[in-house]
Structures are given as C-alpha cells and as structure tokens.
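*Asks:* After the structure tokens below, expect a handful of questions from me.
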Amino acid sequence: MASTEQLTFAIETFKRIHPVEFQRRFLSQDTRHDGRAFLQFRATHVVKGTIGTAQGSATVRIGNTTVVCGIKAEVSEPDVNTPDQGYLATNVDLSPICSANYRP
C-alpha cells in the first residue's frame, strides 16, 4: 500500500506532467483539486491599520495569498503659476516574487 507521501508525490507529478487532464478530472466531478466546490470561495481575512506610518493600510489574506497595502498622502500648496490646479502622484512597490511578469 502506498504511503501518503508517495501518493502526494504521484499527484504532484501527474499535475505537472498532464495539467489539463489533471484539471479535467476534477471538473468532471464538479469539484476543485483542493476539495472546494466551484462556487465555494477561499477563506478571506482582512485586517485594517496594519502599517503604523501610513494614513490607511490593510492586510488581506485569501487562501495562501497575502497582500499588504499602505496609503500615504501629503497635502501641499499648488504651484504659483497654476493656483487652481493640483496633481496626484502615485507609487506602487511590488515584490519581485509577486509575479513572473513583474521585473523590478
């Protein structure tokens, strides 16, 4: 009889070698490979105010994915040549491991 470790290895190997067939087998059983039903969402946890130096922040965790967001704002005087116009500057910092498509 196969051990749990051997069975897990076999499943992961099958998933890598035949990803379409791996998913197709679960689709035929109306379930996902992690055991959830199609319309069942992953557990979601939101914690507000996680960054003390930001005016607004939150940490969101959905399944095994964690996102930290912080917002800082600064009010300043407009340029003397354009007193009725302002600007908004944005900045996004992403970790290099957040996506294979992102390069710092």
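The values are calculated or read from the model by the stated rules, or taken from the named source; none is laboratory data. Computed from a predicted model, the values in this text were never measured in an experiment. Ideal geometry is used to build each Cβ from the backbone, glycine not excepted, and the neighbour counts take in all protein chains shown.
*Asks:* Kindly indicate whether any position in the range 18-34 is surrounded by 10 or more Cβ atoms within 10 Å (Cβ to Cβ), among the basic types (Lys, Arg), at pLDDT 85 or above and closer than 25 Å to Pro96 by Cα.
*Replies:* No - not one qualifying residue is present in the range 18-34.
*Asks:* I'd like to check something: does the range 65-73 contain any residue that is assigned to a loop (DSSP other than H, G, I, E, B) and either modelled with pLDDT under 85 or in contact with a helix residue (DSSP H, G or I) (Cβ under 6 Å, 6 or more places away or on another chain) (or both)?
*Replies:* yes
*Asks:* If you don't mind, there's one more thing I want to ask. For the range 45-104, which residues satisfy the criterion of being charged (D, E, K, R) and either over 30 Å from Arg32 (Cβ atoms) or surrounded by 10 or more Cβ atoms within 10 Å (Cβ to Cβ) (or both)?
*Replies:* Once the filter is applied, which keeps residues that are charged (D, E, K, R) and either over 30 Å from Arg32 (Cβ atoms) or surrounded by 10 or more Cβ atoms within 10 Å (Cβ to Cβ) (or both), the range 45-104 yields Arg61, Lys72, Glu74, Glu77, Asp79, Asp84, Asp93, Arg103.
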